[in-house]
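Visitor: Okay, handing you the structure first.
The values are calculated or read from the model by the stated rules, or taken from the named source; none is laboratory data. Everything quoted here is computed from the prediction, not taken from an experiment. Methodologically, a virtual Cβ is constructed for each residue, glycine included, from the backbone with ideal geometry; neighbour enumeration extends over all protein chains shown.
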Amino acid sequence: MRINETKAKLQAGEPVLGIFVGFASPTVVELCGIAGFDFVVIDSEHGPMNPQSCEDMVRAADATGITPIIRVAQNVSQVILRYLDIGALGIQMPIVNTRADAERLVQAVKYPPEGRRGLASVRAASYGLGEPLADYVVEANKQTMVISHVENVEAVNNLDELTQVPGIDVFFIGPTDLSQSLGYPGKTQDPAVREVIAQARQRIQAAGRVAGFMTTDAAAARRALAEGFRYVTVNTTGLLGRAARSFLAEARG
Ligand code: 3PY
Ligand code: MG
């Protein structure tokens, strides 16, 4: 099966840059792959997407070498399974607040003996026409990634035990939900929110784990990388929206 270059880079201690795509567009995934992003987070938490609309986006990722991660709305094995079956190389899960939530997530992503992912000859397993399934499950457990959101006060409070859970590749701080959970909805730059983010990042790093973050532009991404975040993202609509406004401002003078 496909090597997960994003996971390989993280395991080698390198940073990775990714882009969220929250609408059904294989073309945008293809473009982002050609542009050189390490990974795409195909977002099926917020917005209208389902496994059907994600499948050709995963194909576009496979065609251009960008790692397809899917953000899934529910931490339920039967839901997660359908996104893995279409070929996602990682699952990003929002609102993981407790050790039990984190363990349930890992169990859903990994085949036995590490987890309880269901097995079938689906796209992820080359429809049963590739390597024997017995070899595929071993390789899939190596290549798939688990990204667990830290975006709620409860998760921040439980961070010491969350970071002990094996099988999680990235602890991703979601600034927008975290700002809301702290009582400052949308005020991600408020000093109180920034302080909690900085402390959470330090605790993730101190536990020897990888911290991830959502940024708004290249300058913020550089700052995040300099602070030690190693899985750094931006959003397609944010990038496009700012580029559109700046084009109009300059063109209209
Ligand atoms: C959040 O900020 O809440 C996210 O989930 C990612 O941006
Ligand atoms: Mg969020």
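Visitor: Among the candidates E154, E114, E161, single out the residue that is in contact (Cβ under 8 Å) with a residue 40 or more places away in the chain, in a helix (DSSP H, G or I), away from ligand 2 (no atom under 16 Å from the Cβ) and of a type in the set (D, E). If you could, list the steps in order and put the result at the bottom.
Guide: Numbers: E154 fails: away from ligand 2 (no atom under 16 Å from the Cβ); E114 fails: in a helix (DSSP H, G or I).
Criteria check complete, one pass: E161.
Visitor: Let me ask something else. Please enumerate the residues belonging to segment 152-210 that are within 13 Å of ligand 1 (Cβ to nearest atom), among the small types (G, A, S) and touching a strand residue (DSSP E or B) at 6+ places or on another chain (Cβ under 9 Å).
Guide: A155, G174, A200, listed by residue number.
Visitor: Could I ask something else about it? Could you please let me know if D177 is part of a helix (DSSP H, G or I) and away from ligand 2 (no atom under 14 Å from the Cβ)?
Guide: Details: part of a helix (DSSP H, G or I): yes; away from ligand 2 (no atom under 14 Å from the Cβ): no.
No: the conditions fail for D177.
Visitor: In segment 29-60, which residue that is of a type in the set (A, V, I, L, M, F, W, C) and surrounded by fewer than 19 Cβ atoms within 10 Å (Cβ to Cβ) is farthest from A88 (Cα to Cα)?
Guide: A35
Visitor: When you go through R104, R82, R59, R71 one by one, which is the residue that is at pLDDT 95 or above, in a strand (DSSP E or B) and among the basic types (K, R)? Spell out how you get there, then give the answer.
Guide: Numbers: R104 fails: in a strand (DSSP E or B); R82 fails: in a strand (DSSP E or B); R59 fails: in a strand (DSSP E or B).
When all the criteria are applied, what remains is R71.
Visitor: Of the residues V146, V156, V210, V196, which single one is surrounded by 18 or more Cβ atoms within 10 Å (Cβ to Cβ), β-branched (V, I, T), in contact with a Phe, Trp or Tyr (Cβ under 8 Å, 6 or more places away or on another chain) and at pLDDT 95 or above? Outline the logic, then answer.
Guide: Numbers: V146 fails: in contact with a Phe, Trp or Tyr (Cβ under 8 Å, 6 or more places away or on another chain); V156 fails: in contact with a Phe, Trp or Tyr (Cβ under 8 Å, 6 or more places away or on another chain); V196 fails: in contact with a Phe, Trp or Tyr (Cβ under 8 Å, 6 or more places away or on another chain).
Going through V146, V156, V210, V196 in turn, just one is surrounded by 18 or more Cβ atoms within 10 Å (Cβ to Cβ), β-branched (V, I, T), in contact with a Phe, Trp or Tyr (Cβ under 8 Å, 6 or more places away or on another chain) and at pLDDT 95 or above: V210.
Visitor: Separate question: Could you please find all residues in segment 74-112 being among the small types (G, A, S) and surrounded by fewer than 20 Cβ atoms within 10 Å (Cβ to Cβ)? Step through it out loud before you land on a result.
Guide: Taking segment 74-112 as the starting set, the residues that turn out to be among the small types (G, A, S) are 77, 87-88, 90, 100, 102, 108.
Across segment 74-112, the qualifying residues are S77, A100.
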